[in-house]
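Below is one structure, written out as structure tokens; the observations come after it.
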Amino acid sequence: MKKMIDVQHLSKSFGTRSNKVTVLNDLNFSVEKGEFVGIMGPSGAGKTTLMNILSTILLPTMGSVKIAGADITQMREHRLTDFRREKLGFIFQDFNLIDSLTVKDNIILPLTVSKLSYDEMEERVLRLTKILKIEHILARYPEEISIGQQQRTAAARALISQPLVLFADEPTGSLDSKAATEFLNYLDEVNLHEEMTILMVTHDPYTASYCNRVLFIKDGRFFSEVVRRSSRKEFFEKVIDMQATIGGGGKANAD
Ligand SMILES: Nc1ncnc2c1ncn2[C@@H]1O[C@H](COP(=O)(O)OP(=O)(O)OP(=O)(O)O)[C@@H](O)[C@H]1O
Ligand SMILES: [Mg+2]
């Protein structure tokens, strides 16, 4: 198998020397092409910081991040822009929709510089929005739709370019359980049939149970990993057990 994401000795600190906060501390892991990997860990563990570095929004303090063989921490800005647009898809924790664009234009935005025909773009929008059940709100603006619909719009925007790698930070956090299950089934499908590599942050063990493997991080360090070997139900139980072991955050610890 081919390595799609390779993170080596990744560290990230914020602030100045006298006031330094180390958020990621020598993190190492890799993800094979076509894997569906979850990232879990208590609130404040550094999950979003990690996703922001992988999505090239934030530079690490130290270490390297290779995606499809290219070190994104060393890439020049214009190459990075193309790389990001052509190869990566993102669903951020706060959606990042553009208020002045309709739902449809938000979704289609990543394709505006592509060479796809108008018909092909239309077809992709229709197919995705049907799956995500937002086809009836395409003409509305983000402030006119619910949070769950905003999340699904962000998901459609991330998937429209059929990226090589999808980074998703809590992609089901604002969805009801039916919408979450439908969305996860769709991710499962693109992961399986299109070999899209997926890295997904979640607090929810049910959502995590769709992954092949879950990495647990705590205080910016690798804590442990759980690999799915048999049924989703059994994997779900293993994820809950690990959440209890790691402590501090996650709904499963409440009971
Ligand atoms: N720009 C910044 N400056 C200083 N500290 C930061 C900055 N961004 C994040 N942090 C700190 O880094 C730590 C990790 O934050 P991060 O958002 O990565 O956590 P998380 O694991 O995503 O948490 P959650 O599950 O709540 O989303 C937190 O203690 C946070 O306060
Ligand atoms: Mg976060």
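The values are calculated or read from the model by the stated rules, or taken from the named source; none is laboratory data. Everything quoted here is computed from the prediction, not taken from an experiment. With ideal geometry, Cβ positions are generated from the backbone for all residues, glycine too; neighbour counts draw on all protein chains shown.
One table, with the values for the structure above:
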| quantity | calculated |
| --- | --- |
| Listing of strands (runs of 3 or more DSSP E) fully contained in the range 180-252 that carry 2 or more residues being crowded, with 19+ Cβ neighbours inside 10 Å | 197-201, 213-218 |
| Residue tally, condition away from ligand 2 (no atom under 16 Å from the Cβ) and under 14 Å from the mean Cα position of the chain (by Cα), over the range 163-185 | 6 |
| Filter result for SER100 (away from ligand 1 (no atom under 16 Å from the Cβ), touching a residue at least 24 places away in the same chain (Cβ under 8 Å) and either within 30 Å of ILE147 (Cβ to Cβ) or buried (at least 16 other Cβ atoms within 10 Å of the Cβ) (or both)) | yes |
| Qualifying residue in the range 192-215 (condition: within 27 Å of LYS12 (Cα to Cα), in contact with a helix residue (DSSP H, G or I) (Cβ under 7 Å, 6 or more places away or on another chain) and among the basic types (Lys, Arg)) | no |
| Hits in the range 11-27 - residues which are more than 16 Å from ligand 2 (Cβ to nearest atom) and of a type in the set (Lys, Arg) | ARG17, LYS20 |
| Odd one out for ILE107, checked against (1) β-branched (Val, Ile, Thr); (2) touching a strand residue (DSSP E or B) at 6+ places or on another chain (Cβ under 9 Å); (3) part of a helix (DSSP H, G or I) | (2) |
| Residue in the range 49-71 that is of a type in the set (Ser, Thr, Tyr), within 16 Å of ligand 1 (Cβ to nearest atom), at pLDDT 95 or above and within 28 Å of MET242 (Cα to Cα) present | yes |
| Close pairs from the range 24-46: first on the phi < 0 side of the Ramachandran plot, partner of a type in the set (Lys, Arg), Cβ under 6 Å, at least 6 apart | LEU24/LYS12; ASN25/ARG221; SER30/LYS3; LYS33/LYS2; VAL37/ARG213; ILE39/LYS47; ALA45/LYS218 |
| Residue list for the range 62-88, filter: more than 19 Å from the chain's Cα centre (by Cα), surrounded by 16 or more Cβ atoms within 10 Å (Cβ to Cβ) and in a loop (DSSP other than H, G, I, E, B) | MET75 |
| Given (1) over 14 Å from the mean Cα position of the chain (by Cα); (2) in a loop (DSSP other than H, G, I, E, B), number of the condition ASN25 does not satisfy | (2) |
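One line per residue, one yes/no per condition, for (1) touching a helix residue (DSSP H, G or I) at 6+ places or on another chain (Cβ under 9 Å); (2) of a type in the set (Asp, Glu); (3) away from ligand 2 (no atom under 16 Å from the Cβ):
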| site | (1), (2), (3) |
| --- | --- |
| THR48 | no, no, no |
| LEU58 | yes, no, no |
| ALA70 | yes, no, yes |
| PHE83 | no, no, yes |
| LEU88 | yes, no, yes |
| ASN106 | yes, no, yes |
| LEU111 | yes, no, yes |
